[in-house]
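Report on the structure given below.
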Amino acid sequence: MSALSETPKESFRLRMLLYDTRYRAITIQIVALMGFMLFAAWLINNMLTNLAELGKPLGFGFLTETSGYDINQSLIEYTSQSSHLRAAFIGLMNTLIVAVLGCALATVVGLLIGILRLSKNWIVARLMTIWIEGFRNVPVLLWIVFFMAVLIETLPAPSAFRGDDPDATMNLFGSIAVTNRGVYIPEPLFASGLGDIPVLGGLFYVSADLIVLLLSLFAGLLVSGLIRNRADRIQEATGDRPRTWHWRILSVFAPPLIVLWMLGFHLGYPELKGFNFGGGIHMRNSLIALWLALGLYTSAFVAEIVRAGIESVSKGQTEAAFALGLRPNRTMNLVILPQALRVIIPPLISQYLNLTKNSSLAIAVGYMDITGTLGGITMNQTGRELECVLLLMMCYLAISLTVSMVMNWYNNSVKLKER
Amino acid sequence: MSDTSFVRRDMLEPQTPPPSQVGVIGWIRENLFSGWFNSILTLASIYVIYWVLASVLPWVLQSSWTATSLNECREQIAVAYGEGTSGACWAVIRERYLQLIYGFYPSELYWRPNLAFILMIFALAPVLYPNVPRKMLWFSGLYPFIAGWLLWGGTIWTPIAIVAGFAVGYGLFRVLIDRFGSLAAVIAAVLGTVLWWLLLAGPVAATLASAIPIGLTPVESRQFGGFMLSIIIGVTGIGASLPLGIVLALGRQSDLMILKSLSVGFIEFIRGVPLITLLFVASTLLNIFMPPGTNFDIILRVVIMVTLFASAYIAEVVRGGLAALPRGQYEAADALGLDYWKSMRLIILPQALKISIPGIVSTFIGLFKDTTLVSIIGLLDPIGFSNAIRANAEWQGIVWELYAFIALLFFIFCFFMSQYSMSLERRLQTGHK
């Protein structure tokens, strides 16, 4: 009887690789993989042949050679005698600086515009629409060169500040000079500073004052958190919440202020010396133009994201919160914002990434970001196009993938749990 | 029975609302001055509008249209509107608008890009609007070859030989499908087409061209420029990136592990790097990856890179649409016994693409704006051209007029694209809301 219950065992035949769905998936994948590998091998083979013909074997040794060019804006020490690697590193820092500044500007302005666009005030809502459509529908490269032109063409030259009756004066009680060569702002100086600490065996230096300051701020935030936790415990036990806001403000601000006082903090103001300003921090036109253009261009996209986020929370949520007796600001904090943020944050982060990638257009105004150093002057001087573009792509990829990893983690933690 | 009660027998005439609640005054009260904060906002906005108009309008209107250099223009404005008046020098646009639009394209051949542009409208019409006859889609399919021939010129037989490749493939497919089944027929058709292009198309076109010489004056790629170049790169990139993006999205959602990881790797790599690095690859590196001695056209190289770039973004947008469909749709398609391609074509993709329209169109707008980046690798798109004009001795120092003109051109195109996307969304809205 057992012979009947057994299904006849089909022997494997070659045509089953194509016509049996169980095997076809494997066939397709193996063919695709082989095709891809053949294609890659063909590309690499061509590349090696071509490079051998050009006499430029693949190698990254050129990075340690002397760069021989100057970078006019750098946070760490750099001269034309430094290596190409150091130049690339400074470029990367400049990219990150303009990206962080731009994201901050885009968020603040975008939030404001997005909320105002939902305003019941007809004329304000229309103005915000014009702002958004105007910035969105014109290429960002055009905005960058436009802002650069505004800074160069409309601002006074440093020489206009000279004389007894100057054409231009410094703003904000004589502390900021806005000129067509850039903006000069006061710099923080320490009378009894702690000096610099070498990092990575003297590769670059970090100000010890800054570290101490950050540590004290961090300690203050920690104490403030402890005070809040204690208030929470008391509220849970007794029902009354002690008044702590003055203690918390004190604990956040007192340590940094004390540290500043001990370090002998004072401001160094920019002064007109000869044909130009000296002292203070010089923010170059290229940085400011890039910052404004990227920030305001992205703010239009952020505004639309914010508007969509707020509109995505249904009105019933507000009404339900009011019915529960929550006050308007608690409604906003506890009901609307958590739901709106789930919609807002993912596209917002991808706008931040877009801004970072768009900062590569710095090359159009001569701001030395990583595209300007590694992908610009270093590439032209050494003729190592392949290696430079490869490194350049890796840098941007590293930034993007890091941010997306954080992003995915956040998305998973706030995801609506269904089914 | 005293008759003290009062019962109204007929309704009172409804009263008109007070004049402050209706009409213009009511609207103003409600929308502009509903509270102290709103009133402040309104007044501030009106002041901003006044300030912007007061500073821009005189400059726009007190202008010169006839000068031939910046100095002459300033003199004309000073004579006409008084010394010290700053006015726009629109003369630079009048003198150079042809270059800003066509680049260095030979001026006696302007009819060719013009014709290509008009034909483009006819080719796009059946794609964009459903009430245009469906037969026009044939023209849309042939349009890329017609446009390429019109713009670059040369013999007519080259595009015809390329189109013939598709005919060869289709013929093979029809002949073989009855004898060997669909899979073998598809493989044979693809192989036949590729072999035709690689081996036969060139000699056939050359023979025909020498036998029956029909052709247009060839135009070199480096003579292309201006807004025409932006449109060529943008439209080609848009047309080619949509199918590629859909395939990538399907690959990323597929169950086949290797296909999936290849798609994910490609998409994440492209999305992680800025377009400008890909354009560097196009301008300096692409030849290194080709067999020695290959040197193909710079516009073609840029278009390839722009297409790859946009397709990764399209793929992510379409993937969002695919993921947004309820699982039941996939299961229902399987339950009907449809195979993978049929279920995708008939059930899944129409719904998924509908959901992703806004994202697709905003990717297209982004792509079109990003075509300006080619000015960084030295192509003369409008921004590249504006730099060239500013370096010219006659117009040195001119800034705003050129930027305003370029911004206006881009604004018009992008704004209409986003308006079309909104109308498409409304048209496809099937009522679940």
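The values are calculated or read from the model by the stated rules, or taken from the named source; none is laboratory data. Please read all numbers here as calculations on a predicted model, not as lab measurements. Cβ sites come from the backbone with ideal geometry, for glycine too, and all protein chains shown count toward neighbours.
A few remarks follow.
- Of everything in the range B:133-166 that is β-branched (Val, Ile, Thr) and in a helix (DSSP H, G or I), the residue that is nearest to B:ILE118 (Cα to Cα) is B:ILE146.
- Of all residues making up the range A:19-57, the number that are more than 37 Å from the chain's Cα centre (by Cα) and assigned to a helix (DSSP H, G or I): 24
- Residue in the range A:214-232 that is surrounded by 12 or more Cβ atoms within 10 Å (Cβ to Cβ) and under 30 Å from A:ALA289 (Cα atoms) present: yes
- Checking each residue in the range B:361-383 for being more than 9 Å from chain A (Cβ to nearest Cβ) and of a type in the set (Asp, Glu) picks out only B:ASP381.
- Residue list for the range B:19-43, filter: surrounded by 13 or more Cβ atoms within 10 Å (Cβ to Cβ) and either within 11 Å of another protein chain (Cβ to nearest Cβ) or in contact with an Asp or Glu (Cβ under 8 Å, 6 or more places away or on another chain) (or both): B:ILE28, B:GLU30, B:ASN31, B:LEU32, B:PHE33, B:SER34, B:ASN38, B:SER39, B:LEU41, B:THR42, B:LEU43
- Sole exception among (1) within 28 Å of B:THR363 (Cβ to Cβ); (2) not charged (D, E, K, R); (3) not assigned by TED's automatic domain parsing to the domain that holds B:ILE238 for B:MET422, by number: (3)
- Residue pairs whose Cβ atoms lie under 7 Å apart, sitting 6 or more positions apart in sequence or on different chains, and linking a residue in the range B:408-422 that is more than 19 Å from B:GLY226 (Cβ to Cβ) to a partner that is modelled with pLDDT of 90 or more and outside any helix (DSSP H, G or I), are B:PHE415/A:ASN137.
- All positions within the range B:88-106 that are outside any helix (DSSP H, G or I) and either over 34 Å from the mean Cα position of the chain (by Cα) or within 16 Å of B:MET228 (Cβ to Cβ) (or both): B:GLY103, B:PHE104, B:TYR105, B:PRO106
- Helices (runs of 4 or more DSSP H) within the range A:282-388 that include 2 or more residues modelled with pLDDT of 90 or more: A:285-312, A:315-323, A:337-358
- Pairs meeting the criteria (first residue in the range A:331-349 and over 21 Å from A:ILE399 (Cα atoms), second residue assigned to a helix (DSSP H, G or I) and among the polar types (S, T, N, Q), beta carbons under 7 Å, at least 6 apart or on different chains) are A:THR331/A:THR318; A:VAL335/A:GLN317; A:ILE336/A:GLN317; A:ILE336/A:THR318; A:GLN339/A:GLN317; A:ALA340/A:SER312; A:VAL343/A:SER312.
- Residues of the range A:95-130 that are more than 10 Å from chain B (Cβ to nearest Cβ) and more than 30 Å from A:TYR396 (Cα to Cα): A:ILE115, A:ARG117, A:LEU118, A:THR129.
- Filter result for the condition that a residue is surrounded by 15 or more Cβ atoms within 10 Å (Cβ to Cβ), without any contact (Cβ under 8 Å) to a residue 60 or more places away in the chain and β-branched (Val, Ile, Thr), over A:THR244, A:THR238: A:THR244
- Residue under evaluation A:ALA87, criteria (1) surrounded by 12 or more Cβ atoms within 10 Å (Cβ to Cβ); (2) within 13 Å of another protein chain (Cβ to nearest Cβ), criterion not met: (2)
- Qualifying residue in the range B:53-74 (condition: of a type in the set (Ser, Thr, Tyr), exposed (fewer than 15 other Cβ atoms within 10 Å of the Cβ), away from every other protein chain (no Cβ under 12 Å) and more than 24 Å from B:TYR403 (Cα to Cα)): no
- Residues in the range A:137-194 that are buried (at least 21 other Cβ atoms within 10 Å of the Cβ) and part of a strand (DSSP E or B): A:ALA177, A:THR179, A:GLY182, A:VAL183, A:TYR184.
- Only one entry in B:LEU250, B:LEU300, B:LEU242 is surrounded by fewer than 17 Cβ atoms within 10 Å (Cβ to Cβ), in a helix (DSSP H, G or I) and more than 11 Å from chain A (Cβ to nearest Cβ), namely B:LEU300.
- Of the helices (runs of 4 or more DSSP H) that lie entirely inside the range B:6-86, those containing 2 or more residues that are out of contact with any helix residue (DSSP H, G or I) (no Cβ under 9 Å at 6 or more places or on another chain) and of a type in the set (Ser, Thr, Tyr) span B:36-61.
- Of the residues screened, B:PHE227 is one that is assigned to a helix (DSSP H, G or I), over 26 Å from B:ARG345 (Cβ atoms) and not hydroxyl-bearing (Ser, Thr, Tyr).
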